[in-house]
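Down below is the structure, laid out as structure tokens.
The values are calculated or read from the model by the stated rules, or taken from the named source; none is laboratory data. Here the structure is a predicted model, which is why all the values come from computation and not from measurement. Backbone-built Cβ (ideal geometry, glycine too); neighbour counts: all protein chains shown. Just so you know, the surface numbers come from the protein's heavy atoms only, side chains and all, with ligands and any DNA or RNA stripped out. Shrake-Rupley method; radii C 1.70, N 1.55, O 1.52, S 1.80 Å.
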Amino acid sequence: MFTKRVARLSPRLSNTPVFIRVVNGNDSTLIVKCEPDSEAQEFIAYMSTDGTTFTDSVSSSTSGITVTGLAENTVYYFRVKAANDSGFSDLTR
């Protein structure tokens with residue numbers, strides 16, 4: 001007898017996260033907040049100091065992503081994408 005097991009994947013992420021705001025945590029911490037998405041299992045924030053090269057990333061299972069280790073008097077730019085078992089959404093602009 002042959003049994004076929006079918007895995008059920010989460011729905012594909014069709015929506016790019018809606019980026020809402022960045023909240024000051026303390027001197028070296030910010031919280032990147034985006035609108036919750038019921039299909040997302042994880043949110044990933046990419047940061048940049050020049051607005052062009054986004055290399056560092058921080059992830060969270062909630063839509064509030066805590067970013068630590070930031071330098072004072074430095075401008076940071078953020079882009080966010082969501083992820084689940086089926087893949088990733090597009091990055092915010």
> According to a simple spin-label model (label point 7 Å from Cα along Cα-to-Cβ), what is the distance in nm between GLN41 and ASN26?
Replying inline: 3.2
>> For the full complex of protein chains and a 1.4 angstrom probe, list LEU91, LEU70 by accessible area with the highest value first.
In response: LEU91, LEU70
> What order, most packed first, do the peptides 47-56, 24-33 have when packing is the mean number of other Cβ atoms within 10 Å of each residue?
Replying inline: 24-33, 47-56
>> Only sites in a loop by DSSP and with at most 13 other Cβ atoms within 10 Å count here; which GluC sites (Glu not before Pro) in the range 22-79 make the cut?
In response: GLU72
> How much net charge surrounds ARG93 when only other residues with a Cβ under 12 Å from its Cβ are counted (Lys, Arg +1; Asp, Glu -1)?
Replying inline: +1
> Taking the Cα centre of the range 49-93 as the origin and placing charges on Cβ (Lys, Arg +1; Asp, Glu -1), which of SER63, ASN73, THR52 is farthest toward the positive end of the dipole?
Replying inline: SER63
> For the range 45-93, which whole percent of the accessible surface, found with a 1.4 angstrom probe, sits on carbon and sulfur atoms?
Replying inline: 42
>> Please list, ordered by chain and number, the residues whose modelled amide H lies under 5 Å from the amide H of GLN41; skip anything fewer than 5 residues away on the same chain.
In response: ALA83, ASN84
